[in-house]
1. Within the bounds of the stretch 162-172, is there any residue that is more than 30 Å from Ala414 (Cα to Cα), of a type in the set (Gly, Ala, Ser) and within 19 Å of the chain's Cα centre (by Cα)?
2. May I ask you to list pairs of residues, at least six apart or on different chains, whose Cβ atoms are under 9 Å apart, with the first in the stretch 309-327 being closer than 19 Å to Leu273 by Cα and the second being of a type in the set (Asp, Glu)?
3. Listed residues Met116, Met126; which is at negative phi, aliphatic (A, V, I, L, M) and open to solvent by 10 Å² or more (accessible area, probe 1.4 Å)?
4. Is there a residue being surrounded by fewer than 24 Cβ atoms within 10 Å (Cβ to Cβ) and touching a helix residue (DSSP H, G or I) at 6+ places or on another chain (Cβ under 6 Å) anywhere in the stretch 190-197?
5. Take the stretch 424-435 and flag every residue that is open to solvent by 40 Å² or more (accessible area, probe 1.4 Å) and assigned to a loop (DSSP other than H, G, I, E, B).
6. I'd like to verify a number: residues in the stretch 216-232 that are in a helix (DSSP H, G or I) and either at pLDDT 90 or above or among the hydrophobic types (A, V, I, L, M, F, W, C) (or both), how many?
7. Checking the structure you have, find out if any residue of the stretch 346-361 is of a type outside the set (Asp, Glu), closer than 30 Å to Arg54 by Cβ and surrounded by 16 or more Cβ atoms within 10 Å (Cβ to Cβ).
Amino acid sequence: KKNKVMPGSILTLQVGQCGNQIGQELWARLTQEHGINQEGIIQPEAAKGNGGDRKDVFFYQADDDHYIPRALMIDLEPGVIKRMQTGQYKKLYNPENIFIEKEESGAGNNWGVGYMKGRKCNEQLMEMIDREADNCDSLEAFTFLHSIAGGTGSGVGSHLLEALSDRYPKKILQTYSVFPHNNDVVVQPYNSILTLKRLALNADAVTVLDNVALDQIAAQLDHSNTSLQPENENKRKENQTNSLVAKAIAASTSTLRFPEYMNNSLSSLMSSLIPTPRLHFLMCGFTPLTVDRVSQSNVQKTSVLDVMKRLIHPNNMMVSSSPKTGKYISLLNIIQGEVEPSQVYQALHRLRARRQVKFIDWGPASIQVALSKKSPFIESSHRVSGLALANNTNIHTLMAKFVSNFDRIYAKRAYINHFETVFDSPEDLDAEFQSSRNVVEDLIEEYKAAEDKSYPNFSLEQAYHS
């Protein structure tokens, strides 16, 4: 009988408005999947131990045995966190794990302000993180939830990525990073490039959540649900999107929380997806595209083959760069539900026969599949659901858009005054901007090179020069 490698604990850092909004939905989802109520109390059915789950990956127990998320909520302004503290789950979180800047002045959508404030508050932030890390019997990873567009998620997030990669070099730094629209914030091209540098150099794995694709998915949900009311349309779409993202994040960790014999640690998942350390930006796909608060009149057929076909369709990807025009470096499908291995083999055979997935020439050309249980505490009208994590070379086209947007406004020195006060000199500002652009440009070139069979030589040359 094979021994299971038990998953370690994961410490979640929710940074900025976007990170905390997604985190709020994520903890609502995780508590439901583990049979925990809004106050952290385990429900009678879950207390019997019939779930076969590992709650300790994302939760720990207080002295009175109620469950507390392994999460730190960080923001420079109080809005979202205050709502969490007065909402339905207000008794779930540890109040010691909440950081709001004393002045509550925010970062003004400016990476530089967020970064400098992160450095200023470093001692307080690291004290919180160290306390929670020490509370883990076996800490495996840090997971970041943030946006790269505004000031706090990008600036404070960048500082924390640098600080944690230095302080915890052997722990996995994984992010779920929301990539913005072009017009979200006027200085967004600067914020994005500066953050992308840290995601490239300090993170081990980045799951890209592209707002362009997420809005298209929200539109699909609206189109398929005619009962939705028009009032507060933007807020409703935001809630739907955050709920769907939370379901996808939960699904990506399902093999850790409901472990079988394979892919039951984050390191094993990441090693199969990221064969070379610099190419660690992942696409994410999910099906069926439904959210709990939206009633679906159309219940899709969810056989294993149908799910796996949908997972490689661009409409189900949470990124606007189509994987069909690139090559897969790796592709992992996490299939949840009551599934027989024979169904998986048949589905893989059909997909191979139709040549629907194009892999790189220098690595294994196969779709990896991990089977996972569904939570017994959540009812679902779908027999099978799936999540795809893909390392695809076409992610470089999304990064190229950010470089192009950066070049367009930097050439005019537009809005540069927003950053002058947080750098010691104009020369320091230019050096940081140019360094960040170069890192992203190098990443783009490496993803392009990965499409060619000679990439291993390219990778060796890069490693030699670095």
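1. yes
2. Met317/Asp210; Met318/Asp210; Val319/Asp210; Ser321/Asp210; Gly326/Glu451; Lys327/Asp361; Lys327/Glu451
3. After ruling out the rest, the residue left standing is Met116.
4. So far as the stretch 190-197 goes, yes, one or more of its residues are surrounded by fewer than 24 Cβ atoms within 10 Å (Cβ to Cβ) and touching a helix residue (DSSP H, G or I) at 6+ places or on another chain (Cβ under 6 Å).
5. Asp424, the sole residue that qualifies.
6. Looking only at that region, the number is 4.
7. yes
Residues are listed down the side, and each one gets a yes or a no for (1) touching a helix residue (DSSP H, G or I) at 6+ places or on another chain (Cβ under 8 Å); (2) farther than 30 Å from Leu269 by Cβ; (3) open to solvent by less than 80 Å² (accessible area, probe 1.4 Å); (4) without any contact (Cβ under 8 Å) to a residue 60 or more places away in the chain:
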residue: Ser385; (1), (2), (3), (4): yes, no, yes, no
residue: Asn405; (1), (2), (3), (4): yes, yes, yes, no
residue: Glu420; (1), (2), (3), (4): yes, yes, no, yes
residue: Arg437; (1), (2), (3), (4): yes, yes, yes, no
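The values are calculated or read from the model by the stated rules, or taken from the named source; none is laboratory data. All of these numbers come straight from a predicted model, not from anything done at the bench. FYI the Cβ positions are ideal-geometry reconstructions off the backbone, even for glycines, and counts take in every protein chain you see. What goes into the accessible areas is simple: the full protein's heavy atoms, side chains included, and nothing from ligands, DNA or RNA. Shrake-Rupley method; radii C 1.70, N 1.55, O 1.52, S 1.80 Å.
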